[in-house]
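Here's the structure we're looking at; comments come further down.
The values are calculated or read from the model by the stated rules, or taken from the named source; none is laboratory data. If you're wondering where the values come from, they're calculated on a predicted model, not measured in any experiment. Positions of Cβ are backbone-derived with ideal geometry, glycine not excepted, and every protein chain shown enters the neighbour counts. Heads up: the accessible areas ignore ligands, DNA and RNA and are worked out on the full protein's heavy atoms, side chains in. Shrake-Rupley method; radii C 1.70, N 1.55, O 1.52, S 1.80 Å.
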Amino acid sequence: MTTRKRVDPNHARLDRVVADARRAREEREQGYRAQALKLYPWICGRCAREFDHTNVHELTVHHKNHNHDHNPPDGSNWELLCLYCHDNEHQRETEARAAGGGGEPERAGATHRPFAALQSLLKRDDG
Ligand SMILES: [Zn+2]
Ligand SMILES: [Zn+2]
């Protein structure tokens, strides 16, 4: 197996675009994070754990509507959560999406085959 690497100029450019986008996002994150930390007491909104400057990096800014581009200056879309509660919050969201809506296609697939078999059976009877 050879692992020869070719320098692809398109790929290099894409890398830079991605890096730029990431830096812009990080700058924006720093912006709303600083704002949220100024606006709200440093307490987790779920477990009420308190933070100070020694561990504030474990306090995260959660977006209530899960839209990171929605950053009203009054902070109405932000919630300060510790890392664990923030994780939980997103896990719950993911599970709710998996269990809730979007389950229809699977059920339709399950009923598809018996129906097809029934149809071919009826056809045979007709013949
Ligand atoms: Zn917490
Ligand atoms: Zn979040």
* **Pair list, Cβ under 7 Å, 6 or more apart: the stretch 12-41 residue over 25 Å from L83 (Cβ atoms), other residue loosely packed, with under 12 Cβ neighbours inside 10 Å and hydroxyl-bearing (S, T, Y)** => none
* Structure fact -> Considering the stretch 16-71, residues that are in a loop (DSSP other than H, G, I, E, B), within 13 Å of ligand 1 (Cβ to nearest atom) and of a type in the set (D, E, K, R), and then whichever is most open to solvent (accessible area, probe 1.4 Å), we arrive at R46
* Structure fact -> Within the stretch 73-100, restricting to residues that are closer than 12 Å to R33 by Cα and open to solvent by 20 Å² or more (accessible area, probe 1.4 Å), the one that is farthest from the chain's Cα centre (by Cα) is P73
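Every residue, every condition in (1) more than 16 Å from ligand 1 (Cβ to nearest atom); (2) basic (K, R); (3) outside any helix (DSSP H, G or I); (4) touching a strand residue (DSSP E or B) at 6+ places or on another chain (Cβ under 9 Å), yes or no:
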{"position": "P73", "(1), (2), (3), (4)": "yes, no, yes, no"}
{"position": "S76", "(1), (2), (3), (4)": "yes, no, yes, no"}
{"position": "L80", "(1), (2), (3), (4)": "no, no, yes, yes"}
{"position": "C85", "(1), (2), (3), (4)": "no, no, no, yes"}
{"position": "N88", "(1), (2), (3), (4)": "no, no, no, yes"}
{"position": "Q91", "(1), (2), (3), (4)": "no, no, no, no"}
{"position": "T94", "(1), (2), (3), (4)": "yes, no, no, no"}
{"position": "R97", "(1), (2), (3), (4)": "yes, yes, no, no"}
* **Check on H86, within 13 Å of ligand 2 (Cβ to nearest atom) and touching a helix residue (DSSP H, G or I) at 6+ places or on another chain (Cβ under 9 Å)** => no
